[in-house]
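Only one structure is covered here, and it is reproduced in the block below.
The values are calculated or read from the model by the stated rules, or taken from the named source; none is laboratory data. The structure presented is a predicted model; accordingly, all values stated were derived computationally and were not measured. Counting neighbours? That spans all protein chains shown, and the Cβs are built from the backbone with ideal geometry, glycine included.
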Amino acid sequence: MLNRISFTWLIKLMGVLGLLFVVLPVIILVPMSFTDSKYLQFPPLSYSLRWYSHFLTSAEWFGPFLKSVLIGVLSAVLAVSGGLAAALGIRIYHGRWKSAIVLFILSPVFLPPITIGVGMLFTFSKLGLFDSYLSIILAHTLLGIPFALVIILSALNRRLDELMDAAATFGATASYALFTVLIPEIRRNLLNAWLICFLVSFDEPVLSLFVTGSNTKTLPRQLFDSVRYDLEPTSAAVAVVMIVISTALTLLFSKRSKI
Amino acid sequence: MNYKGGHINIQLGSVLFFYALILIVPVGFLAYYAAADKTGSLSGSLHQLMTDGLYVSVLLNTIYISLLVTVTTLLIAYPVVFVLAHASNKWRNIMLLAVTSSMWINVLVRSFSWIILLSKGSPLSAALYFFKLTSTETSFTYTRLAVVVGMCNILLPIMIFCISSAIPRKIGELRKVSQSMAASAWFYFAKVFIPESIRGAIAGCLLVFLLSLGYYITPALLGGGHGDTMMISLLIEQQVNQLGNWQMGATLSVFLMGAILLVLLIGLLPRPVRLYLSTVLTHRSHVK
């Protein structure tokens, strides 16, 4: 009896410690961002909001923030469209290469972003598109399509197939039915997919490192440069802002059931 | 929508075309730069890759660190999954929320806070010094330990999800059954819990290993490329951005991609994985 209690208790203790380990970095970041001094310290000796105001007022930080938001919004829209097209195509296609095609479309997830980034650096430089908004938006769209595909694919079921058939019997063309029947039916899933793609793009550091220059510097790129080279508390404030945005958006999208 | 054909339709075709432009063309450029530049040929730079001590040691170091990270993540994740699987609904939701929310948080942000945690003035190093585990207050940043810890921290949620997805829903009942048969907790853990979840563990290990091979941000911030923290991704960035050696950078990238695809193929060959893939694609849950 005693033997059983102590082993399980041990495993559970290790489990709880493991969980604490997972959330540790986030927990320490929040108080650190409110420090008053010019250096990062934990725990902070005095508190102020100055680094948040620095983030909002300096062009060095706020510019990239706006650019990240813009790029995220646009690339998420494109990624969801691409994911929807791919999902519909997968549902219809029943040839030999189905698994291979799906794996191919999912491949940006497990290919190391650094290799894709280097390749894109070469390509975009050759095309003269380096440091342009087009290149970073296309790159982030590529990253987002796999996520959109998985989410939308799980939302398409036989009931929707039959609904589309019913629309066809009423004389709707496929594209008309797409916009009037299918998209309204799965709009919640489409919005969730959009959110995921936006967060993927907003947080994406590696590709941005290779594809952006000084013109299109995204927030993760700015954060990376700052952490690597000057390490000031504004980074902590920015990090907390990013956490808050991600959390707020996710909560917002899960609570609104009326949309 | 019930038309099911064997030809690639326009929807799929357009996405594949996009992929061809944005994925295949860059990869093609990589192969081109690896193969032919003014100074050498493909066999030339690959040969250099294989024989030059610097590159070989970086490759071996990358594999070693990735293995360390995979094993450590597995060891830490298992107790967490155990707790998750046997917790009451309320607690399980809270814990899942904690794990998932740490996944939303940017890789950069998480690596960044580990820099703070592991540096000289942090409570962690103070605590270690207090418990006489270190001789002075030391900073652990830019060491291999820091890189492993950071990568573990970031890849842990992935491993947790992989393992827990393989655990059957009725695992609590299985536990009660084993207890009613007077099995010890250790017996239950080793002979019931682990075998049930081993599939997820293998998938998780594969995924974590692959991801850590190509990891860039965490090793760059926590290791900086000093001493034994150099990983292949850091080398690629160095070659391309700092040294302007596009050829070597391309060769390394091609090599990395090839290695990852190879490991992936080896991991996907086993029959259970192919069965799983086919059930996902045909939306049937009982394929035989």
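Quick check on this structure: which one of B:240, B:263 is on the phi < 0 side of the Ramachandran plot, without any contact (Cβ under 8 Å) to a residue 40 or more places away in the chain and assigned to a helix (DSSP H, G or I)?
Result of the check over B:240, B:263: B:240.
Among the residues of segment A:91-100 satisfying the criterion of being more than 7 Å from chain B (Cβ to nearest Cβ) and either within 24 Å of the chain's Cα centre (by Cα) or among the basic types (Lys, Arg) (or both), which is surrounded by the fewest Cβ atoms within 10 Å (Cβ to Cβ)?
A:96
For segment B:176-197: of the residues being of a type outside the set (S, T, N, Q) and under 16 Å from residue A:10 (Cβ atoms), which is surrounded by the fewest Cβ atoms within 10 Å (Cβ to Cβ)?
B:190
Looking for whichever is of a type in the set (A, V, I, L, M) and over 17 Å from residue B:19 (Cβ atoms) here; the options are A:174, A:139, A:148. Which one fits?
Result: A:174 is the single residue among A:174, A:139, A:148 that is of a type in the set (A, V, I, L, M) and over 17 Å from residue B:19 (Cβ atoms).
With the checklist (1) among the β-branched types (Val, Ile, Thr); (2) under 18 Å from the mean Cα position of the chain (by Cα); (3) modelled with pLDDT under 80 in hand, flag the one item residue B:282 doesn't pass.
Among (1) among the β-branched types (Val, Ile, Thr); (2) under 18 Å from the mean Cα position of the chain (by Cα); (3) modelled with pLDDT under 80, the lone unmet condition for residue B:282 is (2).
Is it the case that some residue within segment A:200-223 is part of a helix (DSSP H, G or I), aromatic (Phe, Trp, Tyr) and crowded, with 23+ Cβ neighbours inside 10 Å?
Scanning segment A:200-223, I find at least one residue that is part of a helix (DSSP H, G or I), aromatic (Phe, Trp, Tyr) and crowded, with 23+ Cβ neighbours inside 10 Å, so the answer is yes.
In segment A:103-179, which helices (runs of 4 or more DSSP H) lie fully inside it and hold 2 or more residues that are free of Cβ contacts under 8 Å to residues at least 24 places away in the same chain, out of contact with any Lys or Arg (no Cβ under 7 Å at 6 or more places or on another chain) and among the β-branched types (Val, Ile, Thr)?
Per the criteria, A:113-126.
Pull up segment B:214-236, narrow it to residues that are part of a helix (DSSP H, G or I) and in contact with a Leu (Cβ under 7 Å, 6 or more places away or on another chain), then point me to the one that is surrounded by the fewest Cβ atoms within 10 Å (Cβ to Cβ).
Per the criteria, the residue is B:235.
Among the residues of segment A:59-99 satisfying the criterion of being of a type in the set (Phe, Trp, Tyr) and in a helix (DSSP H, G or I), which is modelled with the lowest pLDDT?
Step by step, filter segment A:59-99, then rank; the result is A:61.
Being within 8 Å of chain B (Cβ to nearest Cβ), small (Gly, Ala, Ser), touching a residue at least 12 places away in the same chain (Cβ under 8 Å) and over 21 Å from residue A:76 (Cα atoms) is true for just one of A:235, A:214. Which residue is that?
After ruling out the rest, the residue left standing is A:235.
I'm trying to understand the selection: among the residues of segment B:60-105, which are within 15 Å of the chain's Cα centre (by Cα) and at pLDDT below 85?
B:103
Okay, residues lined up against (1) small (Gly, Ala, Ser); (2) farther than 30 Å from residue B:95 by Cβ; (3) without any contact (Cβ under 8 Å) to a residue 60 or more places away in the chain:
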{"site": "B:167", "(1), (2), (3)": "no, no, no"}
{"site": "B:179", "(1), (2), (3)": "no, no, yes"}
{"site": "B:183", "(1), (2), (3)": "yes, no, yes"}
{"site": "B:195", "(1), (2), (3)": "no, no, yes"}
{"site": "B:201", "(1), (2), (3)": "yes, no, no"}
{"site": "B:224", "(1), (2), (3)": "yes, yes, no"}
{"site": "B:236", "(1), (2), (3)": "no, yes, yes"}
{"site": "B:244", "(1), (2), (3)": "yes, yes, yes"}
